[in-house]
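Just below is one structure, and these are the notes that go with it.
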Amino acid sequence: MTLSVAQIDRETEQLVDEWLSLPEVAARLELPLGRVKQLLKDHKLLGVRRGGGGPHVPAVFLDGKDVRKGLPGTLTVLQDSGYDDVEALRWLFTPDDSLPGTPMDAIKAGRHTEVKRRAQALAF
């Protein structure tokens, strides 16, 4: 399976507090590495390359042993709106005064429906 993962710039990288490598994601989710790669490929998770290393995933995308509720649907809406992985990452971690906080803060607080509505509006 070939995994195409975007390279991010330093400014985008600094929007995220904690990054996890794919083996770390696999360990936290208690899944085989191949299944984590499939989650990335299926856009249930978003991973990017930082520096010269392999793909990394924002730690906040995980909630215990699960992908955070509301994240996969939001990623799908962003992709359908024409956002690439780097643009989606920036959008999720950029403060939005109308939420307040970032879309990722709202997802973490359980307000993923509201975030998906905002993401859908981006397509128009």
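Bear in mind these aren't lab numbers, they're just calculated from the coordinates by the rules spelled out. Predicted, not measured: the structure shown is a model, and the values here were computed from it. Cβ placement follows ideal geometry from the backbone for every residue including glycine, while neighbour counts extend to all protein chains displayed.
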Checklist line | Environment charge at Trp19 (Cβ cut-off 12 Å; Lys +1, Arg +1, Asp -1, Glu -1) | finding: -2
Item checked: Residues of type lysines that Lys37 reaches as a straight line, Cα spacing below 21 Å, ignoring anything fewer than 8 places off in the same chain -> Lys65, Lys69
Margin query: Taking a cut-off of 17 Å, what percent of all Cα-Cα pairs in the chain are separated by more than that?
Written below: 53 percent
Notebook entry, point to check: Which net charge results when you count Lys and Arg as +1 and Asp and Glu as -1 among the other residues whose beta-carbon is under 11 Å from that of Arg118?
Noted result: +1
Notebook entry, point to check: Between Glu87 and Leu33, what length in nm is gained on full extension when 0.36 nm per residue of separation is reduced by their alpha carbon distance?
Noted result: 16.9 nm
Checklist line | Mean Cα-pair separation over length for the stretch 24-111, i.e. relative contact order, pairs under 8 Å, 6 or more apart, % | finding: 22 percent
Check: Under a GNM of the chain (C-alpha, springs under 10 Å), which listed residue has the highest mean-square fluctuation: Lys41, Lys65, Lys108?
Finding: Lys65
Note to self: Run the helix sum for the chain: -39,500 (n - 2.57) per DSSP H stretch of 4+ residues, divided by residue count, reported at 222 nm to the nearest 500 deg cm²/dmol.
What the structure shows: -12000 deg cm²/dmol
Item checked: Charge sum, other residues only, whose C-beta stays under 15 Å from Asp85's C-beta, Lys/Arg counted +1 and Asp/Glu -1 -> 0
Checklist line | Segment Asp42-Ser21, extension gain: residue separation times 0.36 nm, minus the distance between their alpha carbons | finding: 5.8 nm
Notebook entry, point to check: Can you list residues whose amide H is under 5 Å from Asp96's amide H, if they're 5+ apart or on another chain and H is modeled 1.01 Å from N?
Noted result: Gly101, Thr102
